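Some notes on the structure that comes next.
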Amino acid sequence: MQVTKKQHYIPQGILKHFSDNRKKVFELYNNSYLSKKEIRNTMCQNFVYEHEKLPQNTIENSFARIESAFIPYHDKLVKVLEENCLISQELPEEEINKLMMFYVLLYLRSGALLEEYAAYSDNPKK
């Protein structure tokens, strides 16, 4: 099995909602340089979820399964907000609760949190 190289810490299914025509997003570097990037090339890191004690793609594939279950709820939420921003249409509470769990997972796997974990490890990466 081939390992996934570009492993996204923000799912492409989320990024598409911040893009132009679902293709490119703006990325800011060091608060000074703005660049337009394809979704597949941003908010990712090469092999970020690989670990020598786990089979290849174990974590990446787990995240992919979770994303495939939750991205449709996220898409529905965005659609409701875009189409009915001022109308009293609501998402069912069960869907909102599922989305909240998904958003917590996104935070836990974010690049910022990965750096925080590394800083407190016995063998931090530099």
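The values are calculated or read from the model by the stated rules, or taken from the named source; none is laboratory data. Because the structure is a prediction, the values reported are computed rather than measured. For neighbour counting, all protein chains shown are included, and Cβ atoms are generated from backbone atoms with ideal geometry for every residue, glycine included.
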Query raised in the report: Among LEU81, LEU99, which is the only one that is touching a Leu at 6+ places or on another chain (Cβ under 7 Å) and either at pLDDT 75 or above or surrounded by 11 or more Cβ atoms within 10 Å (Cβ to Cβ) (or both)?
Result: LEU99
Query raised in the report: Which condition does HIS51 not pass, out of (1) within 17 Å of PRO11 (Cβ to Cβ); (2) modelled with pLDDT of 85 or more, if it passes all the others?
Result: (1)
Report task. Filter the stretch 1-39 down to residues that are surrounded by fewer than 16 Cβ atoms within 10 Å (Cβ to Cβ) and within 16 Å of SER110 (Cα to Cα) and give me whichever is modelled with the highest pLDDT. Result -> LYS6
